[in-house]
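Engineer: Quick one: the structure is below, and I'll ask about it shortly.
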Amino acid sequence: MSIYTGPVFDMARQQFHIIADHIGMPEDQRDRLLYPKRAIAVSCPIHRDDGTTAVFQGYRVQHHLSLGPTKGGTRFSSSVDVGEVAALAIWMSWKCALAGLPYGGAKGGVTVDPGSLSLRELEGLSRRYMQEMIPFVGPHTDVMAPDMGTNEQVMAWFMDTYSMYQGKTVTEIVTGKPVASGGTAGRREATGRGVVHLAMRAAETIGLTPKTAVVQGFGNVGSVSAAELAARGVKVIGVSDHTACYADPRGLPVDALLRHVAAKRVLAGFSQEALADPASLLTQECDILVPAALERVIDAATAADLRCRVLAEAANGPTTPDADVVLAQRQDEIFVVPDILCNAGGVVVSYFEWVQDLQQFFWHEDEVNARLKQILDRAFGQVTARAKRDGVGQRTAAMAIGVEKVYAAKQVRGLFP
Ligand code: NAD
């Protein structure tokens, strides 16, 4: 029996075995590659504004130490459990290896709806979670970053809490911080920027000049992706978050949507006329589809109904293995930019932030963006070449490259890491 259960972990395991079969990995090596090095579970008590005390469960899963420290985001969401966090940590490992970063994957989270907390309560929970994690993280052990439900402010609280326990400022303990507290230029935009850069590369590969796009999720990744698409002249004809869904074939006013979300935090209340059914958002006809919210939103049935040309997976794990089978069988090929490639911009610029913090030597945003593009283009080239060579889809190719790198490091190092 393993503590790692649930549909998201099952999906990560299923994907891993597809890759292990593809690269011919012996059975006895597989559990060693798949199962996390360690998992930490903590209870985080906070004082609520009404004077009561509440306790939230938090987790951190560190997948492997074979290539360096672990690295990965922290998610605040009511769906968080140890299986989901482990799956996200495993995907981070393949992603970091594919991008050539010196990290193993990690992920953390707290089971909480962050929208139900006041700012004071969110600060209390963020600080308590980091305080509980202090014995298990460090700039050369495990470096956190933002994910769903957390942001630059939460990272600043994490960094401050860790630092005060060390008696000195340790900016390199987390990435995705505000520039004012040791963050890097370009980190907040990095994931969405990378998503759109790679979606355009994919379009170019199939000879498509994209005119329309649909974006699910309007948080950090979704909103920046929408802005980048609009800046490149692609009409954003559908968007959604957990509160509202809007569509307009003439193109939605992305700037106005961004201003609305900056003021209200959510899309709800933006427009009555453009309201649309969230159930049909993903199957709307468009050139580029960007799922930028949750896992497992594209199942086999949705995959059969997709009407996009490029599927740019900004979220982690948006497409189930069953959906992959359907996509592979479709005659009208959809170019899938798989999550571990598509959203890698975030961890790549997190790596730049860590390097800058360790050296206390900061780069200009142009340099950050140019180096980001270089790494993403290299990975994109490797994935498309591997897909062609092996006659497989982009996901299998991307994951095979990532898994092989970790496997090779484990083989030369031995059993410890
Ligand atoms: P976020 O919390 O900033 O935004 C999440 C968005 O998803 C919100 O707009 C929320 O309303 C929306 N959402 C939630 N449930 C929804 C639903 N049922 N339908 C439609 N929208 C829904 O989170 P984020 O940082 O933008 O992360 C989004 C995805 O991208 C996650 O899968 C995350 O793991 C992945 N990701 C994030 C980063 C990063 O740098 N932040 C990097 C790589 C991957």
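The values are calculated or read from the model by the stated rules, or taken from the named source; none is laboratory data. Here the structure is a predicted model, which is why all the values come from computation and not from measurement. Cβ placement follows ideal geometry from the backbone for every residue including glycine, while neighbour counts extend to all protein chains displayed. For accessibility, only protein heavy atoms count, side chains too; no ligands or nucleic acids. Shrake-Rupley method; radii C 1.70, N 1.55, O 1.52, S 1.80 Å.
Engineer: Looking at 130, 155, which is the one that is open to solvent by less than 10 Å² (accessible area, probe 1.4 Å), more than 13 Å from the ligand (Cβ to nearest atom) and either without any contact (Cβ under 8 Å) to a residue 12 or more places away in the chain or over 22 Å from residue 371 (Cα atoms) (or both)?
Structural biologist: Values: 155 fails: more than 13 Å from the ligand (Cβ to nearest atom).
None of the other options fit; the residue is 130.
Engineer: Enumerate the pairs (first residue in segment 44-56 and open to solvent by 80 Å² or more (accessible area, probe 1.4 Å); second residue anywhere and part of a loop (DSSP other than H, G, I, E, B)) with beta-carbon separation below 6 Å, excluding pairs fewer than 6 apart on the same chain, so at least 6 apart or on different chains.
Structural biologist: Correct list of pairs: 49/118.
Conditions tested, residue by residue: (1) more than 22 Å from residue 315 (Cα to Cα); (2) open to solvent by 10 Å² or more (accessible area, probe 1.4 Å); (3) modelled with pLDDT under 95.
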{"residue": "58", "(1), (2), (3)": "no, no, no"}
{"residue": "74", "(1), (2), (3)": "no, no, no"}
{"residue": "108", "(1), (2), (3)": "no, no, no"}
{"residue": "111", "(1), (2), (3)": "no, yes, no"}
{"residue": "119", "(1), (2), (3)": "yes, yes, no"}
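Engineer: When segment 90-127 is examined, which residues are found to be under 26 Å from residue 242 (Cβ atoms), in a loop (DSSP other than H, G, I, E, B) and within 14 Å of the ligand (Cβ to nearest atom)?
Structural biologist: Those that are under 26 Å from residue 242 (Cβ atoms), in a loop (DSSP other than H, G, I, E, B) and within 14 Å of the ligand (Cβ to nearest atom): 112, 113, 117.
Engineer: Looking at (1) of a type outside the set (D, E, K, R); (2) surrounded by fewer than 18 Cβ atoms within 10 Å (Cβ to Cβ); (3) within 30 Å of residue 151 (Cα to Cα), which one does residue 417 not meet, given that it meets all the others?
Structural biologist: Condition not satisfied by residue 417: (3).
Engineer: Which residue pairs have Cβ atoms under 7 Å apart, sit 6 or more places apart or on different chains, and have a first residue in segment 281-304 that is within 13 Å of the ligand (Cβ to nearest atom) and a second that is acidic (Asp, Glu)?
Structural biologist: Going by the 7 Å Cβ cut-off, the qualifying pairs are 291/313.
Engineer: A follow-up question, please. What residue, among those in segment 305-350 that are of a type in the set (D, E, K, R) and away from the ligand (no atom under 12 Å from the Cβ), is modelled with the lowest pLDDT? Don't jump to the end; show me each part of the working.
Structural biologist: As a first pass, look at segment 305-350 and keep what is of a type in the set (D, E, K, R): 305, 307, 309, 313, 322, 324, 330, 332-333, 339.
In the following step, the residues that additionally are away from the ligand (no atom under 12 Å from the Cβ) were identified as 305, 307, 309, 322, 324, 330, 332-333.
On the way: 305: 97, 307: 97, 309: 98, 322: 97, 324: 97, 330: 91, 332: 86, 333: 89.
That would be 332.
Engineer: Let me spell it out: the conditions are (1) in contact with a Ser or Thr (Cβ under 8 Å, 6 or more places away or on another chain); (2) not in a helix (DSSP H, G or I), and residue 66 meets all of them except one. Which number is the exception?
Structural biologist: Looking at each condition in turn, residue 66 falls short on (1).
Engineer: So residue 136 ticks every box in (1) in contact with a strand residue (DSSP E or B) (Cβ under 6 Å, 6 or more places away or on another chain); (2) within 12 Å of the ligand (Cβ to nearest atom); (3) open to solvent by 30 Å² or more (accessible area, probe 1.4 Å) but one. Which box is left unticked?
Structural biologist: Single failed check for residue 136: (2).
Engineer: Okay, moving on. Which condition breaks for residue 373 when tested against (1) within 14 Å of the ligand (Cβ to nearest atom); (2) touching a His at 6+ places or on another chain (Cβ under 8 Å)?
Structural biologist: Only one criterion is unmet by residue 373, namely (1).
Engineer: Only one of (1) outside any loop (DSSP other than H, G, I, E, B); (2) more than 24 Å from residue 408 (Cα to Cα) fails for residue 29. Which number is that?
Structural biologist: (2)
Engineer: Condition first: closer than 26 Å to residue 172 by Cα, touching a residue at least 24 places away in the same chain (Cβ under 8 Å) and basic (Lys, Arg). Can you find one or more residues in segment 380-398 that meet it? Reasoning before the result, please.
Structural biologist: Going residue by residue through segment 380-398, those that are closer than 26 Å to residue 172 by Cα are none.
No, segment 380-398 contains no residue that is closer than 26 Å to residue 172 by Cα, touching a residue at least 24 places away in the same chain (Cβ under 8 Å) and basic (Lys, Arg).
Engineer: For segment 168-276, please list each of the helices (runs of 4 or more DSSP H) lying entirely inside it that holds at least 3 residues being surrounded by fewer than 20 Cβ atoms within 10 Å (Cβ to Cβ) and within 16 Å of the ligand (Cβ to nearest atom).
Structural biologist: On the way: elements: 187-205, 220-231, 254-264.
Per the criteria, 254-264.
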